[in-house]
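Report on one structure; see the data block that follows.
Derivation of every value follows stated rules applied to the coordinates shown; laboratory data play no part. Given the structure is predicted, the values throughout are model-derived calculations rather than measurements. Quick reminder, even Gly has a Cβ in these numbers, built from the backbone with ideal geometry, and neighbours come from all protein chains shown.
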Amino acid sequence: MKQHTRVKICGITRIEDALVAAAMGVDAIGLVFYENSPRNVEIEQAAAICRQLPAFVTTVALFLDAEQAVVNDVLEQVPVDLLQFHGAEDPAYCERFARPYIKALGMGRLNQQGLISQSKAYKNARGLLLDSHEPGAAGGTGEVFDWNSIPVLNKPVILAGGLTVSNVAEAVSRVRPWAVDVSSGVEADKGIKSVELMSAFMQEVENANR
């Protein structure tokens with residue numbers, strides 16, 4: 001069976017970038033609701049982006065140790081499909097919003113047994129996003145972690161951390177993840193996506209899928 005690795009482009013801040021990504025066949029876009037991030041998006045802009053997107057593009061809202069009221073405020077105003085928790089949120093917190101979610105896990109100090117344990121703890125997560133940052137820290141470092149450290153898990157794996165046009169085909173071929181997640185690797189500047197890099201990234205994933 002032909003492999004089909006899905007693609008999420010995270011850190012979208014502009015309608016034009018979201019529409020270009022959708023036209024290229026991206027499966028999901030990520031909207032960052034974390035004030036300390038250079039890719040943080042205001043609620044009004046996020047809502048405008050979601051309203052412009054065509055059908056069958058999943059919208060993901062990213063939070064990092066946010067107060068419950070912050071998440072609720074976003075959910076009341078932005079029609080997102082999926083939540084992504086990127087900090088030290090425990091399973092009870094993640095499930096509090098009665099929405100499907102994915103949990104990001106920092107691979108900086110997490111060994112294989114620890115990752116398996118986390119996978120079991122977040123049993124209701126729709127997937128685990130593996131990034132290169134320290135556990136509980138913000139992602140977007142642009143650094144790659146050791147892909148050989150990923151054990152067989154009982155959850156779909158979303159591979160992140162330093163993915164670029166030059167290494168994503170190798171990542172897809174070696175890890176065979178459910179999806180790949182890219183942000184800085186397709187940017188002209190922080191929060192501003194490059195049409196050329198997004199196109200090349202999508203092509204490299206397609207090449208690896210073949």
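For Glu67, what is the net charge nearby, where nearby means another residue's Cβ is under 12 Å from its Cβ and Lys, Arg count +1, Asp, Glu -1?
Neighbour charge sum, excluding Glu67 itself: -3.
Could you grab the relative contact order for the chain? Cα pairs under 8 Å, six or more apart, rounded to a whole percent.
21 percent
With each label point set 7 Å from Cα along the Cα-Cβ vector, what nm distance links Asn148 and Ile43?
Taking the two extended label points, one gets 4.8 nm.
Convex hull over the alpha-carbon atoms of region 1-90: what's its volume per residue in Å³?
Output value, Cα hull per residue: 111 Å³.
Local charge sum around Arg176 (other residues, Cβ-Cβ under 13 Å, Lys/Arg +1, Asp/Glu -1)?
+2
List the lysines whose alpha-carbon lies under 29 Å from that of Lys123, not counting same-chain residues fewer than 8 positions away?
Cα-Cα hits under 29 Å: Lys2, Lys8, Lys103, Lys155.
Excluding Asn154 itself, calculate the net charge of residues whose Cβ lies under 12 Å from the Cβ of Asn154, where each Lys or Arg counts +1 and each Asp or Glu counts -1.
Every neighbour counted, the sum reads +3.
On the principal axes of its Cα set, how long, how wide and how thick is region 6-209? Give whole Å, largest value first.
Result, largest extent first: 42, 41, 28 Å.
How far is the Cα center of region 30-45 from the Cα center of region 155-210, in Å?
After rounding, the separation between the Cα centres reads 21 Å.
If you average 1/r over all unlike Cα pairs in region 161-201 and invert the result, what Kirkwood radius do you get in angstrom?
With all distinct Cα pairs of region 161-201 included, I get 10.5 Å.
With each run of n ≥ 4 DSSP H residues scored as -39500 (n - 2.57), what mean residue ellipticity at 222 nm is computed for the chain after dividing by its residue count and rounding to the nearest 500 deg cm²/dmol?
Computed ellipticity for the chain at 222 nm equals -9000 deg cm²/dmol.
At most 16 other Cβ atoms within 10 Å and a DSSP loop assignment: could you name the GluC sites (Glu not before Pro) in region 49-107 that fit?
In loop regions of region 49-107 (DSSP not H, G, I, E or B), the sparsely surrounded GluC sites (Glu not before Pro) are Glu67.
Would you please name the trypsin sites (Lys or Arg not before Pro) within region 1-107 that are DSSP coil residues with at most 10 other C-beta atoms within 10 Å of their C-beta?
Answer in residue order: Lys2.
Picking from Leu83, Leu110, Leu130, which is most flexible by a Gaussian network model of the chain using Cα springs under 10 Å?
Between Leu83, Leu110, Leu130, it is Leu110 that shows the largest mean-square fluctuation.
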